[in-house]
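What follows is a short report on a single structure.
Every number here is computed from the coordinates shown, using simple stated rules; none is lab data. Source: prediction; values computed, not measured. We place every Cβ from the backbone using ideal geometry, glycine too, and count neighbours over all the protein chains shown.
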Amino acid sequence: MTASSSRRGLLIILSSPSGAGKSTLAKRLRDWDPTIRFSVSATTRAPREGEVDGEDYQFLSEETFKKMVADGEMLEHAYVFGNYYGSPKGPVQDAINSGRDVLFDVDWQGELQIRNSDLAQHALSIFLLPPSIPELKRRLISRGKDSDATIDGRMAKSWTEISHWGYYDFVLVNDDLDRTEEALKSIVTATRLKRTQQPSLMHHVRRLQDEFGEL
């Protein structure tokens, strides 16, 4: 599949509690359509070893970051563990105008900020729910990446995240990964066909009107 400038790109927001399958489904979505790109976040924290400015993050001074927020140049932003993180609006606007979809991995607060931005009409938000809380914990444990304390912290946070499911356009219960993937691809495909995403429709309708006048 390839993106086309005959349509506007989508701002795809994928959110879930940790362990609900968000990272796996984001990868599958990008494998299905490699033109979908992750939004490169900006941050005021220092680069870690191996990180590349403009690829992993856009590394900014706190002064620059705050100015971008004040000037309305951040779609969403948050202060986390002593540093600012956010999504610069310019690259996303450019992608939308050129028909390329941008994928966002943000929580419900980021989704709400984007939903209140001037790019909201191009946003598609999807929340992933686990089939059950015991299954969510089992998935976190089976990853084998986190300590018991970290898993307990993620579980404690999960209900806050789940409680905001009603903010989203679509909500999928990820009880079967393959089925959820197919549903996700169907949602993206259908939303790409919305009237607001097809700027060429107005030209086509005007041509049809002219043709009526020629009868």
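Listed by chain and number, the lysines whose C-alpha is less than 25 Å from the C-alpha of K137, apart from same-chain residues fewer than 8 away, are K22, K27, K145, K157. Loop-located trypsin sites (Lys or Arg not before Pro) across the range 100-145 with a Cβ neighbour count of 10 or fewer within 10 Å are K145, with loop assigned by DSSP.
Candidate cross-link partners of K66 among the lysines, defined by an alpha-carbon separation under 21 Å and a same-chain spacing of 8 or more, comprise K89.
For the chain, what are the DSSP H helices with axial Cα length of 18 Å or more and mean Kyte-Doolittle hydropathy of at least -0.5? Those that pass (Cα extent of 18 Å or more, hydropathy at least -0.5) are 177-191. The gain in end-to-end length when the K157 to K185 segment is fully stretched comes to 7.3 nm, 0.36 nm per residue minus the alpha carbon separation.
Only Cα pairs under 8 Å and 6+ residues apart enter the sum, and on that basis the relative contact order of the range 1-102 stands at 41 percent. This model, with +1 at the C-beta of Lys and Arg and -1 at the C-beta of Asp and Glu, gives the chain a dipole about its Cα centre of some 320 debye. Treating r as the C-beta distance of V69 and E214 and R0 as 41 Å, the FRET efficiency rounds to 0.15. Could you tell me whether the range 140-183 comes out rounded, prolate or oblate from its Cα gyration tensor? Rule is a ≥ b ≥ c as square roots of the eigenvalues, rounded for a/c under 1.5, then prolate if a/b exceeds b/c, otherwise oblate. Note, shape of the range 140-183 comes out oblate. Between F170 and Q109, the FRET efficiency estimated from the beta carbon spacing at R0 = 22 angstrom works out to 0.75.
Taking square-rooted eigenvalues a ≥ b ≥ c of the alpha carbon gyration tensor, is the range 1-152 rounded, prolate or oblate, where a/c under 1.5 means rounded and, failing that, a/b exceeding b/c means prolate? Since a/c reaches 1.5 but b/c is at least a/b, the shape of the range 1-152 is classed as oblate.
Among rounded, prolate and oblate, which fits the range 26-67 when a ≥ b ≥ c are the square roots of the eigenvalues of its C-alpha gyration tensor, a/c under 1.5 means rounded, and a/b larger than b/c means prolate? Note, shape of the range 26-67 comes out prolate. Sorting V69, V102, V80 by the number of Cβ atoms found within 10 Å of their own Cβ, with the fewest placed first, yields V80, V69, V102. Ellipsoid fit via the Cα gyration tensor, the range 68-215: semi-axes of 38, 22, 11 Å, each the root of five times an eigenvalue, largest first. Taking the charge dipole of the chain about its Cα centre, with +1 at Lys and Arg Cβ atoms and -1 at Asp and Glu Cβ atoms, the residue from G153, L14, T64 reaching farthest to the positive side is L14. Applying a DSSP loop filter and a limit of 14 other Cβ atoms within 10 Å to the GluC sites (Glu not before Pro) in the range 4-72 leaves E49, E51, E55. Listed by chain and number, the aspartates and glutamates whose alpha-carbon sits under 14 Å from that of K185, ignoring those within fewer than 8 places in the same chain, are D31, D33, D101. Could you check what % of the DSSP bridge pairs in the chain are antiparallel, to the nearest 5? Antiparallel bridges make up about 30 percent of those DSSP assigns within the chain.
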